[in-house]
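First the structure, in the form of structure tokens, and then the observations on it.
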Amino acid sequence: STEIITRFQQFLQINTAHPNPKYYEAADFIISQAKSLNLGFETLEFVKGKPVVLLKWTGKNQNLPSILLNSHTDVVPAEHSKWINPPFDANVDELGDIYARGSQDMKCVGLQYLEAIRRLKTSGFQPIRTVYLSFVPDEEIGGRTGAKKLTESEIFSKMNVGIVLDEGLASPNETYRIFYAERSAWSLVIKATGSPGHGAKLYDNSAMENLLKSIESVRRFRASQFDMVKAGLKAEGEVISVNMAFLQSGTPSPTGFVMNLQPSEAEAGFDIRLPPFADPASLEKRISEEWAPSTRNMTFELRQYKPKTPTDDKSGKAHISPTDSSYAWWKLLEKAVKKANGKLGKPEVFPASTDAKYFRDQGIPAIGFSPMASTPILLHDHNEFLNQAEYLKGIQMYESIIKEFTSYVGSDSDKASREEL
Ligand SMILES: [Zn+2]
Ligand SMILES: [Zn+2]
């Protein structure tokens, strides 16, 4: 198992942080693994400088829809001075915790897929369905130049994918978290203008006052959503989140140490996440009427992701109901994790955003799952780590899942019902 950990460390040591991710080093590493495993490999470059590495393990029945194991190779930047271990050294401490940016999000998953395949191949296992692995760039900057391009390609439609596995989140307790949908990410910048004036003057309609009224309104809405989570009425992914991520106006001290200028412009930016069953139109209305009303000299810029296949089911669970075509996969996953002595929690809505949305947009079920139990949630945080024992356990989960998924012979269209299982 030291070799397994060494391979994980090697992958973590490749600095694929934005804004200058070393994508070709990561691609070379993945391809060297593919060669040692005798998998088919191909580098697709839909966008220059953004390689997608696609691996293939051919199944015995190529008429059946395939399994796609997706992961992204990029990571978010790290503030090196705030880490106890350097973020790209992948040091292991005395507890067996591996410290690195990407140890949870999500280089662990990408390599666990490969290690699981290594074990299956060693044991002589032969899949009935074909397994593909995609290592995609740019998830952390929205995925439009990565997974989205792949899902819209001709190559992808020829892959005839029946089910996708993508990332989930760590779980602090022994139950793995699992995701059937995700919130849509919006970004909103609101801008206020108003008359400038002397810092000593009290007057209406200054830019600052106009912006602050909006911020108060946003905060009331935020509290109303957060209260439902605090009261245990809604899960994290089932409410709308709004967080101010940017704020700008004026100059700190325009005339020495006297703050006597009231600025004529002020703006604030928000990260907004919308559950799949929330009504986008009503939030849009709230933005234009309450958060950035033109009657208060406000304008706004809104960037929205809108899913192509929104569910109109108010519970948001339409696509994992027993009548749904993806239901068979959920049952198989449950069975596989159980066989490997793992415990799955109830399916949830992923609170942030992943590439899984692009697969779902093509009508293909995608399950969010990162096998990390008894692990603090540290994605995008300082000192992100994963324990090596937990990493090894995750490989066993994927071994079991790949076995179960690739051996499943439902109908060709995968429209399996509860009875067929
Ligand atoms: Zn991620
Ligand atoms: Zn991330």
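The values are calculated or read from the model by the stated rules, or taken from the named source; none is laboratory data. Keep in mind that what you see is a predicted model, and the values were worked out from it rather than measured. Virtual Cβ from ideal backbone geometry, glycine too; neighbours counted across all protein chains shown. What goes into the accessible areas is simple: the full protein's heavy atoms, side chains included, and nothing from ligands, DNA or RNA. Shrake-Rupley method; radii C 1.70, N 1.55, O 1.52, S 1.80 Å.
Observations, loosely collected:
- For the chain, a Gaussian network of Cα nodes joined below 10 Å ranks V337, V409, V258 by mean-square fluctuation, and the top entry is V258.
- Here the stretch 166-317 has an Rg and Dmax of 19.2, 60 Å, counting Cα atoms alone.
- Pairwise FRET efficiency - Q225 versus N63, Cβ, R0 = 45 Å, nearest 0.05: 0.45
- Sparsely packed loop sites in the stretch 148-222 (the GluC sites (Glu not before Pro) outside DSSP H, G, I, E and B with at most 16 other Cβ atoms within 10 Å) comprise E152, E174.
- Long-range Cα-Cα pairs in the stretch 12-112 (distance over 22 Å), rounded percent: 39 percent
- Couplings 3J(HN,Hα) of the stretch 371-376, computed from phi: x, 9, 9, 6, 9, x Hz, in residue order, whole Hz [Karplus 6.51 cos²θ - 1.76 cosθ + 1.60, θ = phi - 60°; x for Gly and Pro].
- Ordering A278, G146, H18 by Cα displacement along the dipole of the chain toward the positive end leaves A278 in first place; charges were set at the Cβ atoms of Lys, Arg (+1) and Asp, Glu (-1).
- Electrostatic bookkeeping for N70 treats Lys and Arg as +1 and Asp and Glu as -1; over the other residues with beta carbon under 9 Å from its beta carbon, the sum is -3.
- Once exposed loop trypsin sites (Lys or Arg not before Pro) are cut out (DSSP; at most 10 other Cβ, 10 Å), longest piece of the chain: 49-200
- The helix-only estimate of mean residue ellipticity at 222 nm for the chain, built from DSSP H runs of length n ≥ 4 each weighted as -39500 (n - 2.57), is -9000 deg cm²/dmol after division by the residue total.
- Under the Karplus curve 6.51 cos²θ - 1.76 cosθ + 1.60, θ = phi - 60°, whole-Hz ³J(HN,Hα) for the stretch 40-52, x wherever Gly or Pro sits: x, 9, 7, 10, 10, 10, 5, 10, 4, x, 10, x, 10
- Along the stretch 276-284 the Karplus relation, 6.51 cos²θ - 1.76 cosθ + 1.60 evaluated at θ = phi - 60°, assigns HN-Hα couplings of x, 9, 7, 8, x, 4, 6, 6, 4 Hz to successive residues, with x for each Gly and Pro.
- Whole-number accessible area per residue in Å² for the stretch 190-340, which is evaluated in the context of all protein chains at 1.4 Å: 59 Å²
- Legend: Rg and Dmax of the chain, from Cα coordinates, 23.8, 81 Å.
- Legend: calculated FRET efficiency, T299 to T255, from the Cβ-Cβ distance at R0 = 25 Å, rounded to 0.05, equals 0.30.
- Modelled label positions at H198 and L212, each set 7 Å beyond Cα in the direction of Cβ, lie 2.0 nm from each other.
- Neighbourhood net charge (12 Å Cβ-Cβ; Lys/Arg +1, Asp/Glu -1) for G168: -4
- Cut-off under 5 Å, modelled amide H: who pairs with T175 long-range: S374
- The stretch 20-163 - percent of accessible surface contributed by carbon and sulfur, probe 1.4 Å: 47 percent
- Globularity index of the stretch 174-260, i.e. its alpha-carbon radius of gyration over 2.2 N^0.38 Å: 1.60
- Accessible-area ranking of M259, M106, largest first, probe 1.4 Å: M259, M106
- Pair A281, I5: separation of 7 Å Cα→Cβ label points (nm): 5.7 nm
- Restricting attention to the chain, close to 70% of DSSP beta bridges with both partner residues there are antiparallel.
- Count Lys and Arg as plus one, Asp and Glu as minus one, and take only other residues whose Cβ is under 14 Å from that of Y305; the net charge is then +3.
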